[in-house]
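Chemist: Have a look at this one before I ask anything.
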Amino acid sequence: MALPGACRAPEARQGRRSDRPVPAVGAAVLHRPHGRSHATATSPGRRQPLGGVTTGDGGPGARDPLPGTVEVIRGTRTGEATLDALRALLAALRREPIVVDDAPGFVTSRIPHPMINDAVRVVAAGTASAESVDRLMRGCLGHPTGPLRTADLIGLDNLVDSLWVLHSRTGDEGCRPCDVLLEMVRAGHLGRKSGRGFYEYEGEQA
């Protein structure tokens, strides 16, 4: 098994693939979140699908790279012995596992990424500024960073890729990236890593 650090789940891309696969030994893979499709995969040299595990944190702004709560994905052929081994590992790391079934985006991308897409639509409609949306979500709903600053931290290109994956896998029109996101990506305004997204990040480019 590979311990989660800065790892991300390999995911389907629109004509490209930029994520590196996470090393795996045995019957489990540990991933970091963001816009993946399914946990079940086939390891090189193996025909048996592997179970997948993804660490679920409060978003890319979370300080702890290995969060207290871990999203554990049960693949189509993930056995109880694999889950028991993972539970023991996570207990040793003082992490709480929450087991969910394999589905597009799992839980920790399937819910927040379309929500971010809707937040962008609210800004595009002129209802509120990006800062106002984030302040309301932080102050009223307890969101740690606000959806639009979170989008900047994820990277708007990564977010768009994730939404396309969710749209293609689920058919949910709410997952279709909105025009503003697509325009910002085309303009190279990708968030913190490019120095500009919904906010400006002078001297903070990744």
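The values are calculated or read from the model by the stated rules, or taken from the named source; none is laboratory data. Keep in mind the model is a prediction, meaning the values are calculated, not measured. All Cβ positions, even for glycine, are placed from backbone atoms using ideal geometry, and neighbour counts span all protein chains on display.
Chemist: With the requirement that a residue be crowded, with 17+ Cβ neighbours inside 10 Å and either β-branched (Val, Ile, Thr) or assigned to a strand (DSSP E or B) (or both), what does the range 157-206 give you?
Modeler: 160, 165, 185, 191, 196 - these are the residues of the range 157-206 that are crowded, with 17+ Cβ neighbours inside 10 Å and either β-branched (Val, Ile, Thr) or assigned to a strand (DSSP E or B) (or both).
Chemist: Related question: Filter the range 153-176 for residues that are in contact with a Leu (Cβ under 8 Å, 6 or more places away or on another chain) and of a type in the set (D, E, K, R); which is nearest to residue 189 (Cα to Cα)?
Modeler: Checked the range 153-176; the qualifying residue nearest to residue 189 (Cα to Cα) is 157.
Chemist: Mind telling me which of the residues 84, 179 ends up being farther than 30 Å from residue 200 by Cβ and among the charged types (D, E, K, R)?
Modeler: Answer to the selection: 84.
One line per residue, one yes/no per condition, for (1) farther than 25 Å from residue 172 by Cβ; (2) at pLDDT below 95; (3) among the hydrophobic types (A, V, I, L, M, F, W, C); (4) touching a Lys or Arg at 6+ places or on another chain (Cβ under 6 Å):
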| position | (1), (2), (3), (4) |
| --- | --- |
| 30 | yes, yes, yes, no |
| 51 | yes, yes, no, no |
| 64 | yes, yes, no, no |
| 79 | yes, yes, no, no |
| 107 | no, yes, yes, no |
| 121 | no, no, no, no |
| 124 | no, no, yes, no |
| 127 | no, no, no, no |
